[in-house]
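We did not get these values from a lab; they are worked out from the coordinates using the rules stated. All of these numbers come straight from a predicted model, not from anything done at the bench. For neighbour counting, all protein chains shown are included, and Cβ atoms are generated from backbone atoms with ideal geometry for every residue, glycine included.
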Amino acid sequence: SASPSALPALLAFAEPGHILYGSDWPFAPQETGTYYNQFLETYPDFAPGQAAAVDRGNAEALFPRLAR
């Protein structure tokens with residue numbers, strides 16, 4: 001998850017280029033997704049472009065046919 005405690009732990013373990021975003025929709029309530037999305041987009045320790053890579057770019061690199 002992109003929580004204040006989980007994301008730093010994940011980044012200590014894995015390179016940002018190996019992290020993919022997953023929303024858990026439709027099982028997580030919309031409010032939960034909104035909270036985590038906002039935290040992910042404003043995470044202060046990401047270098048420029050890393051949030052966008054986690055959000056979509058890393059998945060597009062793995063599955064180029066899904067890129068728009």
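A few notes on this one:
- Structure-based [θ]222 nm, the chain - -39500 (n - 2.57) summed over DSSP H runs of at least 4, per residue, nearest 500: -10000 deg cm²/dmol
- 17 Å reach of a label modelled at T42, 7 Å along Cα-to-Cβ, counting backbone N of segment 8-28: 8
- Counted residue by residue at 0.36 nm each, then reduced by the alpha carbon distance between them, the extension gain from A12 to W25 reaches 2.1 nm.
- Count Lys and Arg as plus one, Asp and Glu as minus one, and take only other residues whose Cβ is under 15 Å from that of A53; the net charge is then -4.
- Net charge contributed by nearby residues that have their C-beta within less than 15 Å of A6 (K/R +1, D/E -1): -2
- Between segment 1-16 and segment 33-68, the Cα center-to-center distance that results, in Å: 13
- Correct choice for mean projected area of the Cα convex hull in nm² that was computed from the model, options [x] 5.0; [y] 5.5; [z] 6.0: [x]
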